[in-house]
Amino acid sequence: MTTAEKTSFTVHRAQSAPAPSLPPFGQFIRGKFVPSTSSETADVVNPATEEVLTQVPAGTAEDVDAAVAAAVAAKASWAATTPRDRSAVLLKIADIIEKNRETFETLESADTGKPAAVAEDDISSAIDTFRFSAGAARAFSTLGADDYAENHTSVIHREPVGVVGVITPWNYPLLMAAWKIAPVLGAGNTLVLKPSEQTPLTTLKLAELIADEVPAGVVNIVTGPGRVVGNRLSEHPGVDLVAITGSVGSGQKVAASAAASVKRVHLELGGKAPVVVFDDADLEAAAKGVRSAGFWNGGQECGAACRVLVHESVAEKFTELLVREISEITVGTPGADDAEIGSMISKAHYERVLAALEDVRKDGLTIAVGGNAIEGQGYFIEPTVVTNVPAGAPITSNEIFGPVVSVETFSTDEEAVARANETIYGLAASVWTKDSARSLTVPRKLDFGTVWVNSHLVIATEMPWGGFKGSGYGRDLSSYALDDFSRTKHVMYNRG
Ligand code: NAD
C-alpha cells in the first residue's frame, strides 16, 4: 500500500436536514398536473441517505402524445408574442426561482446528494440563465433587408422551430432544464421536457411554481424512462427539434429515432476533459484547479478536469501537490457545512464508479489516494487520484463520471496536444502555462468546444457551451443557443 492509500475518508453527516417541499404528483400538461395514462410509478431516492423521497409517474408514450398535442396547440400564439412579451415571462420565471431559492436548493440536494454549496451555485446559475435569455431574446436580430438579385429585395427572418423536445440528465437537474427552457422559450418555441427519471423533482417544482405565469401548453413536463418517454419524444412527428443532454449512447439513440421524421437534433453529450500542465505552469494553481474542477459535483460533471497530462519534468512535484489537495477534500451529506463533495447519484452509478476503480487496480495503475467506497449510509466514494497511467490506458478515454482523476506524463508539446486529442470526446480541456506563446498556440490545436487557459470549469452564461466529436453538436448558453432553437427563412420581394 502506498502512503496515500492510507488516507481514509469518512462522511461528515449533518445532524438534521430540512424536509424538502415536494412537487405535486402527475404529468404537467397544458398548465396543470394531470394523471399519467399508466398507474406505474418510479421511486425517487435520496442518494445520501438511501431513503425514498417520493414517487413520480413512470410515464408512457401516450403521456408524451398528450403533452406534444398541448405544445402544438400553444405554438402559434406563443410564436406570435413579441420578444418583449417573452422576455417578461422569462424574467418572471427567474424571479420565481429566486424567491423560492431555498425550496429549490433543499429539493435539489435531497434528490441528488449534492452539497449545499453546489446546489446554491446551480440555482444561481439557473436564475442567471433565465435573465440572460430574457435580454438575449430582445437583442436577437438578423441582417437588415437588402438587394442581392436585380429588382429583388431579400429579408431574413429568424423564426421559432416550433415544438422542442428536451431530455435532461441527473447531474444538474434544474440547471440543465434552465439551459434549455430559457432559450427555447426566448426564441418563441413551446416545449415538452423529460427530466432524468432519477432527479425529476426540481423540474416538477418549477412547473408547479410557474404554472400561472406561462400560457398553458407552452411548457409541458413528462416523467418516465428514457427508452419510453425519451424515445417517443425523439420520434414524435409533432416535435420539430429534440435536444438531449446526456451520455453518448443516449444521444446516439435519440439521433437515430429523430432520423425517421428528419427533425433537428441538438446534442450535449459526455466528456473526458484533459488538463495539460506544462513545465512552466504554476503547479500549485494547477493542483488547486484540479481539486475544484475535477471534484465539483463529485466529478459528476461533463467538463470535469478528470484527465491530467503533465510534463514529465514536473510530474513528481505536481502529483505530490495534487495528492495533498485531494487528501484534504471533505466528503459530506448536503447539510454538512464543510462538505465539498457529496454522494454519487444512485446505487447503480456508485457501482459503476467502483467497477471502474476495480479495473484501475486490474490494470496495475497506482491509486495514490482514495479508491474505495466509504462505509455507511449513502452512495459515497473517496476522492481518488490514479497515477503512473500509461498512454492509451482505458482510464484515459472512459468517462467515469465520479471523483476520480488520472495523471499521465508527456515529453513534448506536440505529444501533449496529440495525446489530449486522442479521445472520442471534444467537450472541454484546459492548458496550464505561463508561456504566452504556448497559451495562444496550444488552445487552437485542441479539438474541444471550450478550452480554458490557467483555469477550468468557469462557465459564463454569455459564452457558448457545447462539444465537438463524440460530445455532440449544438450550443447551450449565449445567443448561440437562441440561434440553435430558431430557423432561418429568406423572403424575397420582386420590386419589378
Ligand atoms: P443518460 O444518457 O443516462 O440520461 C440522460 C437522459 O436521457 C435521461 O433523461 C434519460 O432518461 C434519457 N435517455 C436515456 N436513454 C434514452 C433513449 N433511448 N431515448 C431518449 N432518451 C433517453 O445520462 P445521465 O446518466 O443522466 O447523465 C450523465 C451523462 O450526461 C454523462 O455522459 C455526462 O457527460 C452527460 N452530460 C453532458 C453535459 C453537456 O453539457 N455536454 C451536461 C451534463 C451531463
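Structure notes:
- Projected label points at Asp435 and Asp212, each 7 Å from Cα along the beta carbon direction, are separated by 6.2 nanometres.
- Share antiparallel - DSSP beta bridges, the chain, percent rounded to 5: 45 percent
- Loop-resident sites, the range 1-83, for chymotrypsin sites (Phe, Trp or Tyr not before Pro), counting at most 16 other Cβ within 10 Å (DSSP): Phe25
- Cα Rg over Rh - the range 203-333, Kirkwood: 1.16
- 10 Å binning of all Cα-Cα separations within the range 174-255, expressed as whole percents from 0 upward: 16, 54, 28, 2
- Mean silhouette area of the chain, derived from the convex hull of its C-alpha atoms and averaged over all directions, reads 24.4 nm².
- Cβ charges +1 (Lys, Arg) and -1 (Asp, Glu), total dipole of the range 238-384, debye: 860 debye
- Extreme residue, positive dipole direction of the chain, given options Ile123, Tyr379, Ala305 (C-beta unit charges): Ile123
- Coordinate range of the alpha-carbon atoms in the range 67-141 per principal axis, descending: 42, 30, 19 Å.
- Nearest-20 debye value, the range 322-443 charge dipole, Cβ charges on Lys, Arg, Asp, Glu: 140 debye
- For the range 400-496, the set of GluC sites (Glu not before Pro) satisfying both a DSSP loop assignment and a count of at most 16 other C-beta atoms within 10 Å is given as Glu422, Glu462.
- Approximate spin-label separation Lys317-His490, in nm, with each point projected 7 Å along Cα-to-Cβ: 5.8 nm
- In a reduced charge model with +1 at each Lys and Arg Cβ and -1 at each Asp and Glu Cβ, the chain shows a dipole moment near 1420 debye about its Cα centre.
Every read-out reported here was derived from the displayed coordinates using simple, explicitly stated rules and does not represent laboratory data. Since we're looking at a predicted model, the values are computed, not measured. With ideal geometry, Cβ positions are generated from the backbone for all residues, glycine too; neighbour counts draw on all protein chains shown.
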